[in-house]
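The next block holds one structure in the form of C-alpha cells; read it before the comments.
The values are calculated or read from the model by the stated rules, or taken from the named source; none is laboratory data. Fair warning: this is a prediction, and the values are worked out from it, not measured in the lab. When we count neighbours, we look across all protein chains shown, and the Cβ atoms used for this are built from the backbone with ideal geometry, even at glycine. Side chains are part of the model used for accessible areas, which takes the heavy atoms of the whole protein and leaves out ligands, DNA and RNA. Shrake-Rupley method; radii C 1.70, N 1.55, O 1.52, S 1.80 Å.
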Amino acid sequence: MKDFNINNLVRENVKLMKPYSSARDEFEDFDTADMVFLDANENPFENGVNRYPDPQQSSVKTVLANLKKLKTNQILLGNGSDEVLDLLFRAFCEPKIDNVITLPPTYGMYGVLANINAVENREVLLSEDFQPEVEKIINAIDENTKIIFLCSPNNPTGNSFSDESVAYLLQNFKGLVVIDEAYVDFSKRESWLNELDEYPNLVITQTLSKAYGLAGIRLGICYASAAVISVLNKIKPPYNVNELTQKRALERLATPEKIKSEIQSITEQRSRLLKVLPEIKFVEKIYPTEANFILIKVDDANKRYDELISKGIVIRNRTTQPLCHNCLRLTVGTEIENTKLIEALQA
C-alpha cells in the first residue's frame, strides 16, 4: 500500500491528546548509579524493585532489535500480546463507528477486544483448507474498516496463510494488516518482519510465551513502522512492562542455543505425534501444522475430550469453533508427556 497515510487511521482524540509523561520519561539515563532519585515518590530503600521500571524497556528492545535486524523505534512491548492488540483497537478504531475483519476459526481475543472497544467485528470464514478467502475479505471492507487480523500460523488450525493472499491484502487494503506470528518460530516459513519496510500498513505481533517459554511473564511484542509505534507509545500505560518481566526476558534472550534446542525438541515431538495419530481408530483427520500444536478431527470430540480428562490428559476441545466440528487441539509436550498422551489415545 504505497499511498498509505497513518493520519487517516488514527482516532481524532488520539491525535489531539498529550501523552502522560512519567518521572522516568523525563529522566532517561538508567545507567547512572550515583544519582539520587527524588523525582518519582518511590520508597528509597533498595530491594531490587523499589524503583519504577524503564517505561520504554530500552534494554529489551535493543536486544530484540539486534536479533530481528530492526530499529528500536519499530518495536513496542506490552503486557502480553493481548495488550498490544488492545492498543491497536484503542488507537485506530472509533467505537460504534469503525470495524475490523477477522477470519474464524482464529484466536478468540480479536473478537473479545472488538466487543470491549465497541468496534464491529466482521467475520469472514476461512476456506475449507483454512486459507483466507481474499475476494470475500475485500468485499467486506468499507470506508470504516481499520484493521484486518491474520493469525499465521493460525490458532487453532496450525497452518500458515499463503504469501500470495497476505501480500494481496497488504497491497490493496488502506488500513492496517496485523499478522499475529505467535507461533512463527515453529514454522520453516520466513517471518513477515522482512517486509516491514515494503508495507507501511503492516503490523506484526509476536510473543515470548510460546517458543521462548515465558508465558508466565506476559511479554508481547509489536513490530511496525516508526510512525505506527509512535502512535501506540502515545497511549500505552507508562509502566506497562514491569521490572521483573524485563529482567527475565533479558536472561532468556541471552540463551539462544537453549531456545533453539527446545524448539527443535518440540518440532521433533510434533513429527512423532503426526506419525502415531493416523493409527488411532477414532481420529478421522489430521490437519497440517506449522505450530506447536496439532488439530485433529475425531468421531466425537466431547466424548474423547472427557475420556482424556479421565486419564489425566488436558487438551482443548474446539468443536464449537467454525469449521472445527468434532476437532481437538493437542499441544506438543515433552517426550514423557507425549508418551502419556499416545498411551491414553491408544487405550
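If residue 81 satisfies every condition in (1) within 30 Å of residue 260 (Cα to Cα); (2) in a loop (DSSP other than H, G, I, E, B) but one, which is the exception?
(2)
May I ask you to say which residue of 96, 174, 146 is touching a Cys at 6+ places or on another chain (Cβ under 8 Å) and outside any helix (DSSP H, G or I)?
The unique qualifying residue is 146.
Only one residue in 276, 241 is open to solvent by less than 40 Å² (accessible area, probe 1.4 Å), out of contact with any Ser or Thr (no Cβ under 8 Å at 6 or more places or on another chain), not in a loop (DSSP other than H, G, I, E, B) and not polar (S, T, N, Q). Which one?
276
Being under 19 Å from residue 284 (Cβ atoms) and not in a loop (DSSP other than H, G, I, E, B) is the filter here; which residues of region 309-331 pass it?
316, 317, 327, 328, 329, 330
So which pairs qualify, if the first residue must be in region 56-82 and without any contact (Cβ under 8 Å) to a residue 40 or more places away in the chain, the second must be open to solvent by less than 60 Å² (accessible area, probe 1.4 Å), the Cβ gap must be under 6 Å, and the two must be at least 6 apart or on different chains?
The qualifying pairs are 61/75; 72/61; 72/65.
Could you tell me which residue of region 207-225 is most open to solvent (accessible area, probe 1.4 Å), considering only residues that are touching a residue at least 12 places away in the same chain (Cβ under 8 Å) and among the small types (Gly, Ala, Ser)?
Filtering region 207-225 for residues that are touching a residue at least 12 places away in the same chain (Cβ under 8 Å) and among the small types (Gly, Ala, Ser), the one most open to solvent (accessible area, probe 1.4 Å) comes out as 213.
Of all residues in region 304-347, count the ones that are open to solvent by 50 Å² or more (accessible area, probe 1.4 Å) and at positive phi.
Total satisfying the criteria: 2.
Give 102, 106, 72 a once-over and let me know the one that is among the β-branched types (Val, Ile, Thr), modelled with pLDDT of 95 or more and either open to solvent by 30 Å² or more (accessible area, probe 1.4 Å) or on the phi > 0 side of the Ramachandran plot (or both).
72
Across region 1-25, what is the total count of residues that are surrounded by 12 or more Cβ atoms within 10 Å (Cβ to Cβ) and free of Cβ contacts under 8 Å to residues at least 60 places away in the same chain?
2
Somewhere in region 4-11, is a residue aromatic (Phe, Trp, Tyr), assigned to a loop (DSSP other than H, G, I, E, B) and either farther than 30 Å from residue 108 by Cα or modelled with pLDDT of 95 or more (or both)?
No, the conditions are met nowhere in region 4-11.
Output the qualifying pairs, or none if there are none: Cβ atoms under 8 angstrom, residues six or more apart or on different chains, first residue in region 33-47 and within 19 Å of residue 21 (Cβ to Cβ) and assigned to a loop (DSSP other than H, G, I, E, B), second residue of a type in the set (Ser, Thr, Tyr) and open to solvent by less than 90 Å² (accessible area, probe 1.4 Å).
40/22
Across region 128-154, what is the total count of residues that are in contact (Cβ under 8 Å) with a residue 40 or more places away in the chain, open to solvent by 20 Å² or more (accessible area, probe 1.4 Å) and out of contact with any helix residue (DSSP H, G or I) (no Cβ under 6 Å at 6 or more places or on another chain)?
4
Every residue in region 186-206 that is open to solvent by 10 Å² or more (accessible area, probe 1.4 Å) and in contact with a helix residue (DSSP H, G or I) (Cβ under 6 Å, 6 or more places away or on another chain), please.
Selection gives 191, 193, 199.
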